[in-house]
Amino acid sequence: MKVASVVEGDGEVAALPILLRRLGEWRTPESFVQPLPPIRVRRDRFLNRGEEFNRYLQLAAAKCEADGWILVVLDADDDCPAELGPDILRRARDCVPHRRISVVLANREFEAWFIAAAQSLHGQRGFNFDSMDGIDPETPRDAKGWMKARMAGGAYGTTTDQPAFSAKMDLQAAYDGSRSFRKLCSEWNRQVEMV
């Protein structure tokens, strides 16, 4: 099964296929799933301009083919994933009713999944984890900044660090610590088990 993803950042373009391959090995090792190179969109334009929304989803539908799956992964930012996600899904189903589709909003940013698995990333690429200090991984408004503050030299690069951390993060820790990551896993299981 081919997975055509729609993402909003250059880092996710490189990181999401790595993460999806790892999810496959972890959740459904008996199934072959082929993550395609993601389609990068500008979140606000994608969500607020109907023609762009339709165009990108039609492109994803063509890429994943008839038996494939479209996966939209965006940052929730200040929006509530439980409210915005179903709205995007409804609109997407209207646009591509002939394809299976899922919408997952990382609460608040993709990096929240790294924060949930931060202990497993200690020592990777200069990342220094000392403790969670009682914070919920999905609470920091600037999850990228949280990661950057713990990097040697204060440098965090989405196009280099996101793929590397996606390859190394403890998936069970992310699952345990992040509700939006659990949503990604449940969508993965639901869609792959349909095949």
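Since every read-out is calculated from the coordinates, none of them should be taken as a lab result. Small disclaimer: the values here were computed from a predicted structure and weren't measured. Backbone-built Cβ (ideal geometry, glycine too); neighbour counts: all protein chains shown.
Quick notes on this one:
- Under 13 Å of direct C-alpha separation, and excluding same-chain neighbours fewer than eight residues apart, Lys2 reaches these aspartates and glutamates: Glu65, Asp67.
- Cross-link partners of Lys144 among lysines (Cα-Cα below 23 Å; sequence separation of 8 or more within a chain): Lys168, Lys183
- Highest-MSF residue in the chain out of Phe110, Phe129, Phe165 [GNM, Cα springs under 10 Å]: Phe129
- Residue list for the stretch 96-121, given a label point 7 angstrom along the Cα-to-Cβ vector of Ser186 and an amide N cut-off under 17 Å: 101-108
- What the Cβ-Cβ distance of Asp10 and Asp142 gives, at R0 = 22 Å and to the nearest 0.05, is a FRET efficiency of 0.75.
- The H on the amide N of Ser5, modeled in the peptide plane, is under 5 Å from the matching H of Leu36, Ile39, Leu71, each at least 5 residues off or on a different chain.
- Per-pair calculated FRET efficiency, R0 = 45 Å: Asp87 and Ala167 via Cβ, rounded to 0.05: 0.90
- Distance from the stretch 1-56 to the stretch 130-155 (C-alpha centre basis), Å: 24 Å
- Computed FRET value (nearest 0.05) for Asn48 with Gln119, which takes r as the C-beta separation and R₀ as 41 Å: 0.60
- When DSSP beta bridges are restricted to pairs lying wholly in the chain, around 5% turn out antiparallel.
- Couplings 3J(HN,Hα) for the stretch 176-190, derived from phi with the Karplus relation 6.51 cos²θ - 1.76 cosθ + 1.60 (θ = phi - 60°), are 5, x, 9, 4, 6, 5, 4, 4, 4, 5, 5, 5, 4, 4, 4 Hz, where x marks Gly and Pro.
- Cβ-based exposure ranking for Ile70, Ile39, in which fewest neighbours within 10 Å come first: Ile39, Ile70
- Among Ala149, Ala117, Ala173, the largest mean-square fluctuation in a Gaussian network model of the chain, built with springs joining Cα atoms closer than 10 Å, belongs to Ala149.
- The label point for Thr28 and the one for Glu193, both projected 7 Å from the Cα toward the Cβ, are 1.0 nm apart.
- Taking every alpha-carbon pair under 8 Å whose residues sit at least 6 apart, the chain reaches a relative contact order of 25 percent.
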